[in-house]
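Everything on this sheet refers to the single structure shown next.
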Amino acid sequence: MVLGNRDTSTSIRYKFGDNLVCDENDAIHIRKPLEFMLPPGRLNKQYVMARENFFFVYPTNQHHYERQFRGTFQHGASPWKRWCFGGDSGPAIPRA
């Protein structure tokens, strides 16, 4: 699960934005981008990268994106497990 505001990026394998919150068992949370040679951007900019074969989808169209990406090769991970990305609409629930 990843929580962020409306300005959070829309990628399915990684997110960047201000004050991101995630489950660190299934995602890599980078709070200091310069240590990983990533662009620091503005204050509080953080990165979250999906581990293994997980990806992020919005809860409003969760099933649509799951059908679209399940079993596909995306940035080195296949088959995919389903994750939800929650924005201002509240927390998302991870699915198996």
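For F55, the test of being within 27 Å of T72 (Cβ to Cβ) and modelled with pLDDT under 85 is passed.
Taken as a whole, the condition of being at pLDDT 80 or above and closer than 17 Å to V2 by Cβ does not apply to F69.
Checking the structure you have, find out if any residue of the range 8-23 is without any contact (Cβ under 8 Å) to a residue 24 or more places away in the chain and surrounded by 10 or more Cβ atoms within 10 Å (Cβ to Cβ). Looking for residues that are without any contact (Cβ under 8 Å) to a residue 24 or more places away in the chain and surrounded by 10 or more Cβ atoms within 10 Å (Cβ to Cβ), one finds at least one in the range 8-23, hence yes. Give me the residue from the range 25-76 that is within 11 Å of the chain's Cα centre (by Cα) and part of a loop (DSSP other than H, G, I, E, B) and, out of that set, surrounded by the most Cβ atoms within 10 Å (Cβ to Cβ). That would be F56.
The values are calculated or read from the model by the stated rules, or taken from the named source; none is laboratory data. As the structure is a prediction and not an experimental result, all values here were calculated from the model. Using ideal geometry, Cβ is built from the backbone for each residue, glycine included, and neighbour counts are taken over all protein chains shown.
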